[in-house]
Structure formats: structure tokens, C-alpha cells
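Structure first, then comments.
The values are calculated or read from the model by the stated rules, or taken from the named source; none is laboratory data. These numbers come from a predicted model, not from an experiment. Using ideal geometry, Cβ is built from the backbone for each residue, glycine included, and neighbour counts are taken over all protein chains shown. For the accessible areas, the whole protein counts, side chains as well, though only heavy atoms, and no ligand, DNA or RNA atoms are used. Shrake-Rupley method; radii C 1.70, N 1.55, O 1.52, S 1.80 Å.
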Amino acid sequence: MDSCRVLTAEELRELPRLTIVFIECFDGEYQAPLPTIMAGMKCYDGTIVDEDGSTFSNFEDDMKPGRMFDGSYFRFWNMMPTEEQRKEVPWDA
């Protein structure tokens, strides 16, 4: 069984259609991770769409600090992480 971990851009591209990932956002305005994690699904066109309908397709940019106007960016987990796992994995890893 896989262990819970942050996925790379290449791994996200290789995921099969309908795979569920868990998306965490680092809020650039508050300089801290948001408390909630969204589920996202890999679509037939290679994008990932989250529960709010946000679409991710350029994974390298999505995971890069400063990706959004306020400095927010994302990381994608293969499983729902625990609070301890979220704290243990540095955002710049």
C-alpha cells in the first residue's frame, strides 16, 4: 500500500482518469496553509478539477509559490493527509 505523500507534477500527469487526489492550498495573503483540503479528480483531458470546480492543468505552475496574484499555491496528495503529515512535510519540498 502506498504511503501518504505529496505528488510531483510528473506523477499528476501520469495518473489515470478518475483518480482522486487531495489538494492543499498555501494562502499567500496569510502566509499559512488553509485549514481545509479539497478532493479533486483527474479528468479525461488531463486536468484535475476540485470540489469547487477549480481546474488545475499546469501542475508545475500550480505548485510554484507566487502562482496566484496573492502568492498562493497548491500541493497535491495521493491520500488524505493527517494534520501531522501536513505539518511534517515542508511546503518547499
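Quick notes on this structure:
- Only Lys, Arg (+1) and Asp, Glu (-1) charged, at Cβ; the range 1-79 dipole about Cα centre in debye: 180
- Estimated distance in nm for a label pair at residue 32 and residue 11, the labels positioned 7 Å out from Cα along Cα-to-Cβ: 2.7
- Of the chymotrypsin sites (Phe, Trp or Tyr not before Pro) in the range 20-82, the ones in a loop by DSSP (not H, G, I, E or B) with at most 15 other beta carbons within 10 Å are 30, 44, 69.
- Per residue accessible area in Å² of the chain, where ligands, DNA and RNA are left out and the probe is 1.4 Å: 63
- Rolling a 1.4 angstrom probe over the chain with all protein chains present gives an accessible area of which 55% lies on carbon and sulfur atoms.
- In this label model, residue 79 and residue 43 are separated by 2.9 nm, measuring between points 7 Å along each Cα→Cβ vector.
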